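Here's the structure we're looking at; comments come further down.
Each value in this text was obtained by applying a stated rule to the coordinates, not by laboratory testing. Please read these numbers as outputs of a predicted model, since none were measured by experiment. When we count neighbours, we look across all protein chains shown, and the Cβ atoms used for this are built from the backbone with ideal geometry, even at glycine.
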Amino acid sequence: MEEKRTSVFENGLIWFGAAVSIAEIVTGTYFEPLGFGKGLLAILIGHVIGCAMLFFAGLIGGKARKSAMEATKMSFGSKGALLFSVLNIVQLVGWTAIMIFDGAVAVNEIINLGSWGWSIVIGGLIILWILIGIKNLGKVNTVAMAALFILTIVLCFVIFGKGSMQMLSGEDMSFGAAVELSVAMPLSWLPLISDYTREAKKPVKSTAVSAIIYGIVSCWMYVIGMGAAIFTGESDVAKIMVKAGLGVVGLLIIVFSTVTTTFLDAYSAGVSSESLSKKLSGKWAAIFVTVIGTLGAIFLPLYDITDFLYFIGSVFAPMIAIQIADFFILKNNHENHAFHFVNLIVWAVGFVIYRLLMQVDLAVGNTLPDMVITAILCIAAGKLFGKSYAEKRS
């Protein structure tokens with residue numbers, strides 16, 4: 001029987017849902033010290049960088065018809081890629097907990113059920129989304145995304161229509177640090193996007209639409225958060241909704257945006273688990289991750305995620321730089337080897353370089369320089385040691 005493929009429209013809806021997120025709105029509030037003009041510029045530059053990388057990452061999986069973690073085997077070997085599968089599952093469990101936590105704390109400002117109670121409700125809805133399945137979510141996602149689209153427009157009018165410019169907090173943030181925070185969100189999706197583009201009927205178009213829609217909507221979420229902090233003097237979006245009389249509407253925005261975004265994290269954790277062992281069921285692994293994430297949201301204090309974002313960047317920026325260089329330039333395929341030690345060493349160097357660049361204030365952030373340096377090292381190493389791994393993609 002012919003495998004069911006997702007359409008360009010369905011992929012676009014998936015990534016619209018990924019971008020509409022309380023976590024992205026909260027991250028946007030951090031840009032308040034820059035002011036609206038500089039903050040907007042930092043958001044745009046960061047998203048251009050991040051979404052360009054997102055496109056190339058999705059294109060690899062779409063062309064190879066492999067999940068994100070299966071695709072890493074082509075650069076790091078069948079066993080070497082397991083390192084990234086484990087790291088990916090760790091970050092996805094972390095994201096699941098963070099997203100449920102943010103959503104529960106925010107919605108509890110509107111209707112006081114206790115953040116633990118809302119964590120259970122949101123976790124239960126995510127499990128329902130998983131049980132429906134990615135290929136059967138078309139109509140459900142269409143309705144959910146249409147509602148979220150309308151509700152976020154209402155939120156924009158509340159913030160920018162009724163607010164007035166407030167005094168800035170005076171807290172210091174460099175332009176480069178702001179760009180890096182803007183890159184961070186699309187970068188966090190790099191090890192996931194292929195899990196969806198591999199199923200696309202038209203991989204190139206679907207990947208392009210996914211990256212563009214995610215980029216536009218993610219910028220929009222950042223601007224909502226920044227605008228909330230600058231124009232209302234309030235960084236808690238739930239409180240803004242309550243003050244504006246958007247009680248039930250605000251609740252719907254928070255709950256559905258949290259569910260549609262966190263579903264992708266849990267689903268991809270399930271897909272990554274399948275790369276560890278064929279005996280594991282992706283669906284049940286995703287449900288298990290959701291349960292663990294819900295427990296984490298209930299019992300862990302997850303208010304500040306900046307260190308977590310930088311951890312993601314330091315792990316996955318050099319990883320995808322190597323994959324891009326290997327797939328598009330060197331045209332290598334190392335999945336028949338257990339380990340590709342050269343690329344693993346280059347990745348380790350890229351990881352260290354990223355951590356060192358965190359100490360330097362660069363206008364373009366540290367992700368782009370790190371990826372460029374890592375890609376150059378990968379190409380040079382590939383030319384130098386290529387004969388040791390003499391397998392080319394057909």
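Straight-distance candidates among the aspartates and glutamates for linking to Lys202, with alpha-carbon spacing under 12 Å and chain neighbours fewer than 8 residues away dropped: Glu10. Grab the beta carbon distance between Phe9 and Phe160, set R0 = 35 Å, and tell me the FRET efficiency rounded to 0.05. E(calc), rounded to 0.05, equals 0.75. Local charge for Asn108 was computed over the other residues whose Cβ lies under 15 Å away, with Lys and Arg +1 and Asp and Glu -1, and equals -2. Dividing the mean sequence gap of close Cα pairs (under 8 Å, 6+ apart) by how many residues the chain holds gives a relative contact order of 34 percent. Segment Phe308..Arg65, full-extension length gain: 84.5 nm, with 0.36 nm per residue of separation and the alpha-carbon distance subtracted.
Neighbour counts of C-beta atoms inside 10 Å place Tyr214, Tyr222 in the sequence Tyr214, Tyr222, starting with the fewest. Potential lengthening of the chain between Met358 and Lys202 amounts to 52.4 nm, from the contour at 0.36 nm per residue minus the alpha-carbon distance.
Amide H contacts for Thr6 (H built 1.01 Å from N in the peptide plane; partners 5 or more residues away or on another chain; cut-off under 5 Å): Ala200, Lys201.
Could you tell me which of rounded, prolate or oblate describes the range 252-394, using a ≥ b ≥ c as the square roots of the eigenvalues of the alpha-carbon gyration tensor, with rounded for a/c under 1.5 and, failing that, prolate when a/b is larger than b/c and oblate otherwise? It is oblate, given that a/c is not under 1.5 and a/b is not larger than b/c.
Here r is the Cβ-Cβ distance between Val349 and Lys383 and R0 is 22 Å; the resulting FRET efficiency, rounded to 0.05, is 0.85. Rounded to the nearest 10 degrees, the angle from helix 306-324 to the longest Cα principal axis of the chain is 30 degrees. Exposure proxy ranking for Thr27, Thr96, based on other Cβ atoms within 10 angstrom of each Cβ and starting from the fewest, stands as Thr27, Thr96.
The dipole here belongs to the chain: it is taken about the Cα centre, uses +1 on the Cβ of Lys and Arg and -1 on the Cβ of Asp and Glu, and is about 1540 debye. The long axis of helix 341-357 is offset from the longest Cα principal axis of the chain by roughly 30 degrees.
Here's the picture: charge each Lys and Arg Cβ at +1 and each Asp and Glu Cβ at -1 in the chain, and of Ile253, Gly365, Thr142 the one pushed furthest to the positive end of that dipole is Thr142. For Lys66, give me every one of the aspartates and glutamates with a C-alpha distance below 13 angstrom, ignoring sequence neighbours fewer than eight places off in its own chain. Straight-line reach from Lys66, under 13 Å: Asp195, Glu199, Glu274, Glu335. Taking the Cα centre of the range 194-242 as origin and assigning +1 to Lys and Arg Cβ atoms and -1 to Asp and Glu Cβ atoms, the resulting dipole is close to 360 debye. Computed from Cα atoms, the angle from the helix 282-299 axis to the main principal axis of the chain rounds to 50 degrees. Per residue of the chain, the DSSP helices (runs of n ≥ 4 H) give a summed -39500 (n - 2.57) that works out to -24000 deg cm²/dmol at 222 nm. Length gained on full extension, Leu276 to Asp172: 33.1 nm, using 0.36 nm per residue less the C-alpha separation. By the gyration tensor of its Cα atoms, with a ≥ b ≥ c the square roots of the eigenvalues, what is the shape of the range 1-131: rounded for a/c under 1.5, prolate for a/b over b/c, or oblate? Note, shape of the range 1-131 comes out oblate. Over all pairs of different C-alpha atoms, the range 8-302 has a mean inverse distance whose reciprocal, the Kirkwood radius, equals 19.2 Å.
Once both labels are positioned 7 Å from their Cα atoms along Cα-to-Cβ, the gap between Val291 and Leu113 label points is 2.1 nm.
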